[in-house]
Amino acid sequence: MEVTSIRTPGLGDSTYILVHEGQAILVDPQRDYDRFMDVIEEAGAELRFVLETHLHNDYVSGGWEIAKKTGAEIIVPAGAAPWYRSTPGFHMEEIMGEKFSISPIHTPGHTPEHTSYAVNIDGKTEALFSGGSLLVASAGRPDLLGMHRADTLARSQYISVHRLAEYPDETPLYPTHGEGSFCTTSGAGITTSTIGAEKESNPVLLYPTVDEFVDVTLAGLGPYPAFYKHMGPANADGYPAAPPSAIPELSYTRIGDRDVHLIDLRTKQEFADGHVPGSIGMEMGDQVGVWAGWLLPLDAEILLIAESAEQAELANRQFIEIGMDGVIGWLDGVGEWVRTGGSLASYQTVSVDEFVAAHKAGEIPLVVDVRLPEVVAEGTLSGAITEFVPSVVKHVNEVVNGHNEVWLACNSGNTAAISAKWFEEAGVTPTVLIGGGVHDILAKL
């Protein structure tokens, strides 16, 4: 038996492919499923089962489409009742395959219907796929259906993680959510483990009472992307098949007066030096799709300013994974914009040392720290306004409060650069810290 983990770093998730004697199981696949099928085909295996651990809140699933294409049997938690025909996974009702059996384990907490799966070979559990229940050094957060249900789900999660901990210590644990996922209650590290290792060190298994677990869990929850509220219903009620990830190259002259959102994938410095007014600077990385889904409507029409067709396609995959199917094409840099008479906006960037020097000299009129609230709580600059990026988008005029210049800082410059667009539209000149973050500044003050 071999288990292959395929990470989707921007979502903080892992999809798993188990292959045993020519047959395969695919667990929690995203919508851009060709990358999973490539692995299965390369192994010369037949896809026998697709397992869904829950109605995902952070992406549109590709499970039903894969099952339809391949003829594989798709197993979904019995309580999910999805729009498509599937095999319901009832608690501990063994599902027999030719080479292995699958035991669904009802593990509510992350969602009410959440189900983990034990894969058994010759009577022994060889793999435990825990989805958003027991994670490495963490557990799936219980508040994604609203805080009014979080207490109840957290109490269920306590029971669920201990239910999984009853498996033998040597049982391999394969969670879906991991480092980088907003679905975890705390920062997870490595992505796979064993039951024994988690029993020794996972804090969620060490709380002596359910009340203590619930209190700590609910107190430590941070914000999560706005698009999450659409994903569960999309996975339950149906979503169109994924569009092609390759998109056409367009010209600025063909945009006209269309109401499109321009997302510039060039580096932070290139964007600062000159960008199309109104565009959003999102340097190409693993979380371009996450930030777009957090800040823009899911049905937004989008044009990407990119360095190549390959870069544009990689970015579009991230949009497709969360159901943002409105990317209509890509534009090759900003050169054509200038040649056709368009003007560029720009702003200043500073290094950590330049920021520190200006702060010590009292030359900074207003500092806005746009990091996550739980990170800000660890320390920020004296006098800084702390306003997480999604809040800045909604309240930029209140944040500015009459200032005509603002210095923006975050962890690395990425989210500060993203937020610059809204300050520019408010008539404020931003200066953006890049190449470092607030923690680097504090270390030098």
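The values are calculated or read from the model by the stated rules, or taken from the named source; none is laboratory data. Values in this document were obtained by computation on a predicted structure and should not be read as measured data. Here Cβ is always computed from backbone atoms with ideal geometry, including for glycine, and neighbour counts include all displayed protein chains.
Key figures
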read-out: Residues within region 379-425 that are touching a residue at least 60 places away in the same chain (Cβ under 8 Å) and not β-branched (V, I, T), tallied; value: 11
read-out: Count of region 234-260 residues which are without any contact (Cβ under 8 Å) to a residue 24 or more places away in the chain and not in a loop (DSSP other than H, G, I, E, B); value: 1
read-out: Odd one out for N397 among (1) within 28 Å of the chain's Cα centre (by Cα); (2) part of a helix (DSSP H, G or I); (3) polar (S, T, N, Q); value: (1)
read-out: Residue that is surrounded by fewer than 19 Cβ atoms within 10 Å (Cβ to Cβ), aliphatic (A, V, I, L, M), touching a residue at least 24 places away in the same chain (Cβ under 8 Å) and within 27 Å of G222 (Cβ to Cβ), where the choices are V375, V370; value: V375
read-out: Hits in region 358-387 - residues which are farther than 17 Å from A417 by Cα, touching a helix residue (DSSP H, G or I) at 6+ places or on another chain (Cβ under 9 Å), of a type in the set (A, V, I, L, M, F, W, C) and not in a loop (DSSP other than H, G, I, E, B); value: V375, V376
read-out: Residues of region 312-341 that turn out to be over 23 Å from G274 (Cβ atoms), of a type in the set (D, E) and part of a helix (DSSP H, G or I), as a count; value: 2
read-out: Positions within region 206-264 being at pLDDT below 95, surrounded by 12 or more Cβ atoms within 10 Å (Cβ to Cβ) and of a type in the set (S, T, Y), in sequence order; value: Y239, S251, Y252
read-out: Matching residues, region 398-433, being under 21 Å from E374 (Cα atoms), surrounded by 23 or more Cβ atoms within 10 Å (Cβ to Cβ) and among the aliphatic types (A, V, I, L, M); value: L408, A409, A416, A417, I418, L433
read-out: Residue check, H148 in contact with a His (Cβ under 6 Å, 6 or more places away or on another chain), of a type outside the set (A, V, I, L, M, F, W, C), under 23 Å from D215 (Cα atoms) and at pLDDT 95 or above; value: no
read-out: Yes/no for F319 being over 27 Å from F182 (Cα atoms), modelled with pLDDT of 95 or more and in contact with a strand residue (DSSP E or B) (Cβ under 6 Å, 6 or more places away or on another chain); value: no
read-out: Qualifying residue in region 251-260 (condition: of a type in the set (G, A, S), more than 24 Å from I418 (Cα to Cα) and over 21 Å from the mean Cα position of the chain (by Cα)); value: yes
read-out: Pairs where the first residue, in region 261-281, is assigned by TED's automatic domain parsing to the domain that holds D332 and the second is in a helix (DSSP H, G or I) and among the hydrophobic types (A, V, I, L, M, F, W, C), C-beta under 6 Å, 6+ apart; value: D264/F271; L265/A315; K268/A417; V276/W337; G281/F271; G281/A417
read-out: Residues of region 361-381 classified as over 17 Å from L445 (Cβ atoms) and more than 24 Å from the chain's Cα centre (by Cα), total; value: 3
